[in-house]
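The values are calculated or read from the model by the stated rules, or taken from the named source; none is laboratory data. For clarity, every value in this text was computed on a predicted model and none was experimentally measured. Note that we place each Cβ from the backbone using ideal geometry, even for glycine, and neighbour counts take in every protein chain shown.
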Amino acid sequence: MTFFYSKALHIIFVVTWFAGLFYMPRLFIYATEAEPLEEPGRRVLQQQLLLMQRRLWFGITWPSAVITLLLGLTTWYNYGSTPTWLIYKLLLVAGLYVYHGLCHAIFRQEQQGEFRYTSTQLRVWNEVATLFLFAIVFLVVLKDALNMLWGMLGLFALLVVLLVAIRVYRRLRKG
């Protein structure tokens, strides 16, 4: 019974973690796009966006990442074995934590008033979490490396579609 409770809670906190990972880059984009605005509008908007970043990052995203890890380890322990698909999942999850850490670096930069990336670069960055989500979910559901390969090929196709959509969106915004 503990296995099912830890698994259910693990999934819930994965969802809240991803919610933070999906929304945080959007806040990075909005704060970056506020940079060329005239004062006092820029200052007011960026202060609000930076406050939203802090609340999301430390109130939802970081706690969810930590609880996800703890519940994931508990679920793994209660699973009783480590099948091949789980090893691949753990590698993808490690990559997701690297992504989280890189988001933290961007968060710290923006909190200090450093906007190093363009909104287009951040839009592409925003899609990385989507790629991890697709890969992890397909792997967990299919539990097979060959199907994961097909899923990764589909994921690559999705990446191409997302990049094209970002370019089209950028052109439409410019007019």
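Only one of the listed residues (Leu131, Leu158, Leu142) is crowded, with 17+ Cβ neighbours inside 10 Å, under 24 Å from Ile11 (Cα atoms), in contact with a helix residue (DSSP H, G or I) (Cβ under 8 Å, 6 or more places away or on another chain) and not charged (D, E, K, R). That residue is Leu131.
Being assigned to a loop (DSSP other than H, G, I, E, B) and either more than 17 Å from Arg26 (Cα to Cα) or touching a Leu at 6+ places or on another chain (Cβ under 9 Å) (or both) is the filter here; which residues of the range 113-134 pass it? Across the range 113-134, the qualifying residues are Gly113, Glu127.
Comparison of Val160, Val128, Val140 shows that the only residue that is among the hydrophobic types (A, V, I, L, M, F, W, C), under 17 Å from the mean Cα position of the chain (by Cα) and at pLDDT 85 or above is Val128. Remark: pairs (first residue in the range 101-122, farther than 19 Å from Phe22 by Cβ and polar (S, T, N, Q); second residue at pLDDT 95 or above and part of a loop (DSSP other than H, G, I, E, B); Cβ separation under 7 Å; 6+ apart in sequence or on different chains) = Gln109/Arg116. Only one entry of Arg26, Arg55 meets the criterion of being touching a residue at least 24 places away in the same chain (Cβ under 8 Å) and out of contact with any Gly (no Cβ under 7 Å at 6 or more places or on another chain), and that entry is Arg26. Is there a residue in the range 135-155 that is free of Cβ contacts under 8 Å to residues at least 40 places away in the same chain, in a helix (DSSP H, G or I) and under 26 Å from Gln48 (Cβ atoms)? Scanning the range 135-155 turns up no residue that is free of Cβ contacts under 8 Å to residues at least 40 places away in the same chain, in a helix (DSSP H, G or I) and under 26 Å from Gln48 (Cβ atoms).
If you check Val93 against the conditions, is it of a type in the set (Val, Ile, Thr) and exposed (fewer than 14 other Cβ atoms within 10 Å of the Cβ)? Answer is no for this residue. Taking the conditions (1) closer than 21 Å to Pro63 by Cβ; (2) exposed (fewer than 11 other Cβ atoms within 10 Å of the Cβ); (3) in contact with a helix residue (DSSP H, G or I) (Cβ under 9 Å, 6 or more places away or on another chain); (4) not hydroxyl-bearing (Ser, Thr, Tyr) in turn, His104 satisfies each one other than (2). Only one of the numbered conditions (1) over 26 Å from Ile166 (Cβ atoms); (2) surrounded by 13 or more Cβ atoms within 10 Å (Cβ to Cβ); (3) among the aliphatic types (A, V, I, L, M) is not met by Leu49, and that is (1).
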